[in-house]
Amino acid sequence: MNRTLIYLLTLGVFLTATSELVVAGILNVIANEMGISVALSGQLITAYSLAFAIGTPILVALTSRVGRKKMLIISLSVFILGCLISFGSSNYTVLLTSRIVLGLSAGVYLVVVFSSVSKLVPVEKLGSAMGTVILGFSSAMVLGVPIGIAITNWLSWQVIFILLAIVSTFILIGMFYLLPEIEGDAPVSFKQQLLVLANPVILAGLLITFFRETGGSIMYTYLTPFLETILHMNTSAIAITMLIFGIFGAIGSRIGGYGVDKWGTSRMISYGLAAQVASLALLPLLSASLAAGMAVTAIWIFSMFVIAPAIQTYFIQQAPQSSNLVLSLNTSVIHLGLATGAGLGGAVVSSMSTVLYNPWVASGAVVLGFLVAIVSFFMRKRNLKETIA
């Protein structure tokens with residue numbers, strides 16, 4: 001396995017993920033500078049997510065036959081363009097447009113990275129490689145967002161995007177000279193690619209992602225209020241705690257990748273979902289103790305990231321001929337789950353006037369994902385037996 005290439009692609013994931021996540025941390029600054037409401041500035045996140053969720057599967061399916069190196073270079077080039085537009089944005093409309101460009105390019109880049117990695121590494125190392133790539137996303141939460149907020153406070157939010165463009169350019173040059181040619185998917189028609197959705201194992205896998213992300217979002221969207229009002233932490237303590245939780249997530253993604261190679265995708269997904277269900281169910285019961293509450297929350301975040309490499313690997317194993325399309329659909333379902341969870345979490349808070357019960361609702365959503373996983377694994381085994389027979 002060429003670790004240099006994997007780390008190069010992962011650094012690109014770190015940069016694209018930072019462009020997505022950092023805006024949430026600087027919404028107030030953007031709103032004040034552009035003279036708009038925070039609610040309107042929040043639509044910058046919505047525009048990115050919609051472009052990512054809707055545009056990525058379409059673009060990936062239409063370009064599935066194109067060499068992966070060429071698609072990586074094209075998508076990262078468009079990402080750099082989006083960063084430059086963000087840097088030079090003089091009004092809200094231009095900035096909104098840049099978010100759409102960034103959402104589309106980052107979505108395509110992420111999916112093509114997953115697909116490329118599956119072709120660059122031997123099968124027995126696929127899980128570890130996926131864990132490394134996902135580490136790029138978790139690192140954006142731990143390092144990218146805080147650094148972006150610090151840059152905003154020190155200079156301006158526009159500087160974040162010019163720095164992202166500059167570093168991405170170096171990554172682009174590295175990919176141009178170091179990456180080998182990587183073939184795209186098998187030459188099948190767009191209609192034939194869509195037939196993969198008739199595979200009940202794939203559909204079940206997408207449902208696992210949906211319920212897992214919905215449950216995670218129900219809790220994570222309101223994690224800061226939970227720490228503040230339920231665990232009674234102050235602002236400075238919350239900032240340090242979020243950093244610690246992010247480190248747990250980064251460690252989880254690495255261990256999850258190694259676990260896939262050693263124990264397989266089914267076991268890692270099952271164990272991870274079970275740990276999420278248990279930790280979320282216990283959280284309200286243990287919230288009277290700060291230490292216990294933090295420990296259980298750390299386990300929940302760790303288990304969320306442990307599953308991520310297994311999910312990506314699982315889809316590649318089930319649909320190797322259409323991995324680009326399936327992985328892109330999975331990223332769309334992730335964003336759909338995040339949006340659904342945020343809405344459900346808000347409804348729970350509004351009806352209960354507290355965030356105390358959000359973990360229980362989140363646990364219920366993950367239970368549904370766990371049940372779907374059992375069904376998916378059963379169908380997978382049955383299909384294997386029929387193929388052997």
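Here are the numbers:
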read-out	value
Members of the range 212-257 found to be more than 19 Å from the chain's Cα centre (by Cα) and of a type outside the set (S, T, N, Q), listed by number	PRO225, PHE226, LEU227, GLU228, ILE230, LEU231, HIS232, MET233, ALA237, ILE238, ALA239, ILE240
Verdict on SER49 being in the same structural domain as LEU178 (by TED's automatic domain parsing) and modelled with pLDDT of 80 or more	no
Candidates LYS191, LYS125, filtered to the one that is charged (D, E, K, R), at pLDDT below 80, under 30 Å from ALA298 (Cβ atoms) and out of contact with any strand residue (DSSP E or B) (no Cβ under 7 Å at 6 or more places or on another chain)	LYS125
Single residue of GLY364, GLY343 found to be part of a helix (DSSP H, G or I), modelled with pLDDT of 80 or more and under 26 Å from TYR220 (Cα atoms)	GLY364
Boolean, ALA292 is free of Cβ contacts under 8 Å to residues at least 24 places away in the same chain and either closer than 19 Å to MET130 by Cβ or surrounded by fewer than 20 Cβ atoms within 10 Å (Cβ to Cβ) (or both)	yes
ALA204 in contact with a Ser or Thr (Cβ under 7 Å, 6 or more places away or on another chain), part of a helix (DSSP H, G or I) and either modelled with pLDDT under 90 or closer than 29 Å to MET352 by Cα (or both)	yes
Enumeration of residues in the range 126-156 that are over 19 Å from the mean Cα position of the chain (by Cα) and either of a type in the set (Gly, Ala, Ser) or crowded, with 22+ Cβ neighbours inside 10 Å (or both)	ALA150, SER156
Residues of the range 155-175 classified as of a type in the set (Ser, Thr, Tyr) and at pLDDT below 90, total	1
Restricting the range 23-43 to residues that are of a type in the set (A, V, I, L, M, F, W, C) and more than 18 Å from GLY148 (Cα to Cα), the residue that is modelled with the highest pLDDT	MET34
Helices (runs of 4 or more DSSP H) fully within the range 110-183 counting 3 or more residues that are hydroxyl-bearing (Ser, Thr, Tyr)	126-139, 157-178
Residue list for the range 110-155, restricted to those being free of Cβ contacts under 8 Å to residues at least 40 places away in the same chain and of a type in the set (S, T, N, Q)	ASN153
Odd one out for THR331, checked against (1) under 19 Å from SER363 (Cα atoms); (2) crowded, with 19+ Cβ neighbours inside 10 Å	(1)
Tally of residues being in contact (Cβ under 8 Å) with a residue 12 or more places away in the chain and assigned to a loop (DSSP other than H, G, I, E, B) across the range 89-100	2
Residues satisfying the stated conditions in the range 331-350, i.e. without any contact (Cβ under 8 Å) to a residue 60 or more places away in the chain and among the hydrophobic types (A, V, I, L, M, F, W, C)	ALA347
Extreme residue, modelled with the lowest pLDDT, among residues of the range 210-237 that are hydroxyl-bearing (Ser, Thr, Tyr) and within 17 Å of GLY343 (Cβ to Cβ)	THR221
Among the residues listed as SER75, SER64, SER19, the single one being surrounded by 22 or more Cβ atoms within 10 Å (Cβ to Cβ), farther than 20 Å from MET141 by Cα and either in contact (Cβ under 8 Å) with a residue 40 or more places away in the chain or touching an Asp or Glu at 6+ places or on another chain (Cβ under 8 Å) (or both)	SER64
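Yes/no per residue for (1) under 23 Å from the mean Cα position of the chain (by Cα); (2) closer than 22 Å to VAL111 by Cβ; (3) surrounded by 24 or more Cβ atoms within 10 Å (Cβ to Cβ); (4) in contact (Cβ under 8 Å) with a residue 40 or more places away in the chain:
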residue	(1), (2), (3), (4)
LEU327	yes, yes, yes, yes
MET352	no, no, no, no
SER363	yes, no, no, yes
ARG380	no, no, no, yes
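The values are calculated or read from the model by the stated rules, or taken from the named source; none is laboratory data. This is a predicted model, so every value here is computed, not measured. Glycine also receives a Cβ, built like all others from the backbone with ideal geometry; neighbour counts cover every protein chain displayed.
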